[in-house]
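Peer 1: Here's a structure for you.
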Amino acid sequence: MSRVQIHADHIDLDEPVLVEGLPGAGLVGKIAADYLVETLEMECYGAFHCEGLPRVAVYEGDSSAVRPPVRLYADEATDLVVLQSDVPVSPTQASEFAGCVTGWVESNGAFPLYLSGLPEDKTGTPELYGIATGDAESTLDDAGIVPPRGGGMVSGPTGALLHRATEVGLDAVGLIVQTEAQFPDPEAARTILVHGVGPIAGVEIDTDRLVERAEEIQEAREELSEQLQEVDSDKSTQAERIRGFQ
């Protein structure tokens with residue numbers, strides 16, 4: 001049965017911004033989410049127990065504590081919440097997972113930012129695009145985030161989350177950044193944090209350490225990236241362009 005388990009009732013949130021960090025193309029969402037949790041020293045707020053999530057036990061180095069694979073971290077000072085995931089979501093159960101997350105978003109008046117990488121060649125700084133559901137287009141306009149240059153779609157669990165937001169009329173933003181197709185991409189994660197999450201959430205994010213630790217992050221995420229390449233591509237969140245007949 002799907003449920004959200006809250007561990008930190010003492011944290012008081014007021015219509016928080018939720019940043020989703022599921023594994024996907026370039027691992028941009030995961031890298032961005034992990035960096036926010038670490039940099040802002042966010043507290044573990046709760047955990048998602050949703051259909052579609054593998055029943056696994058996760059542990060960290062130098063700790064014997066077991067934790068659920070998909071967790072919520074919160075920072076009361078900035079009203080920021082991060083969904084941090086250590087596992088991919090089953091493609092056959094992405095709809096159930098999206099319903100579980102969206103239920104929490106609606107009941108807590110949260111504004112979700114769904115992150116996705118767009119695998120394609122890039123020159124210089126990766127380009128950032130925004131899509132929106134409900135009345136959230138004005139949020140993108142205020143942040144100076146442009147729409148994608150052509151048609152496309154977001155697949156995987158993040159696509160299911162955006163689809164669910166459309167179904168229920170929820171205001172939500174999808175941030176899409178150009179990324180490496182098969183390798184962890186800290187540069188793309190930095191772009192999405194500085195030019196997307198920061199302006200929308202009203203949070204100043206120092207990403208100097210993210211740039212300095214790019215090589216370390218790539219090594220740490222390499223194993224997960226390889227795992228994602230071995231499973232059905234529908235399991236991995238990514239954006240892709242839709243090519244017309246020309």
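A short reminder: the numbers here are calculations on the coordinates, not readings from a lab. For clarity, every value in this text was computed on a predicted model and none was experimentally measured. Every residue, glycine as well, gets a Cβ built from its backbone with ideal geometry; the counts of neighbours run over all protein chains shown.
Peer 1: Counting each DSSP H run of 4 or more residues in the chain as -39500 (n - 2.57), what helix-only mean residue ellipticity at 222 nm follows after dividing by all residues, to the nearest 500 deg cm²/dmol?
Peer 2: After summing the helix terms and dividing by residue count, I get -9500 deg cm²/dmol.
Peer 1: Separate question: Starting from the Cα of Ser64, step 7 Å along the direction of its Cβ; do the same at Glu212; then give the gap between the two resulting points in nm.
Peer 2: 3.4
Peer 1: Using only alpha carbon pairs under 8 Å that are at least six residues apart, calculate the relative contact order of segment 138-211 and give it in whole percent.
Peer 2: Reported relative contact order: 30 percent.
Peer 1: Now for a different question. Please rank Leu162, Leu193, fewest neighbouring Cβ atoms within 10 Å first, as an exposure proxy.
Peer 2: Result, fewest neighbours first: Leu162, Leu193.
Peer 1: A follow-up question, please. Just to compare against my own numbers: the Cα pair-distance distribution for segment 62-182, 10 Å bins, whole % per bin, please.
Peer 2: The calculated distribution, bin by bin, is 11, 39, 36, 12, 2.
Peer 1: Another one. Counting pairwise Cα distances across the chain, what percent come out greater than 32 angstrom?
Peer 2: Every Cα pair in the chain considered, those over 32 Å come to 12 percent.
Peer 1: With the crude spin-label approximation of a point 7 Å out along Cα→Cβ, what separation in nm comes out for Glu106 versus His49?
Peer 2: Placing both labels 7 Å beyond Cα along the Cβ direction yields 2.2 nm.
Peer 1: So how do Ser90, Ser107, Ser155 line up by other beta-carbon neighbours within 10 Å, fewest first?
Peer 2: Final ranking by Cβ density, sparse to dense: Ser107, Ser90, Ser155.
Peer 1: Also, quick follow-up: Along the charge dipole of segment 13-226, which of Cys44, Thr125, Gln178 sits closest to the positive end, that is, farthest toward it, with unit charges on the beta carbon of Lys, Arg, Asp and Glu (+1, +1, -1, -1)?
Peer 2: The listed residue farthest towards the positive side: Gln178.
Peer 1: If you check each cysteine of the chain for another cysteine whose beta-carbon is under 4.7 Å away, which ones come up empty?
Peer 2: Within the chain, the cysteines lacking a partner Cβ under 4.7 Å are Cys44.
Peer 1: Label Glu167 and Asp141 with points 7 Å out from Cα along Cα→Cβ: what is the distance between them in nm?
Peer 2: The two pseudo-label positions are separated by 2.9 nm.
Peer 1: Moving to a separate point now. Using the alpha-carbon centroid of each, what span in Å lies between segment 1-56 and segment 80-130?
Peer 2: Answer, in whole Å: 10.
Peer 1: Starting from the Cα gyration tensor of segment 1-75, take the square roots of the eigenvalues, sort them a ≥ b ≥ c, and report rounded, prolate or oblate (rounded when a/c is under 1.5, otherwise prolate if a/b is larger than b/c, else oblate).
Peer 2: Because its axes are fairly even, with a/c under 1.5, segment 1-75 counts as rounded.
Peer 1: Going highest first, how would you order 176-187, 120-131, 17-28 by mean Cβ packing within 10 Å?
Peer 2: Sorting 176-187, 120-131, 17-28 by mean packing, highest first, produces 17-28, 176-187, 120-131.
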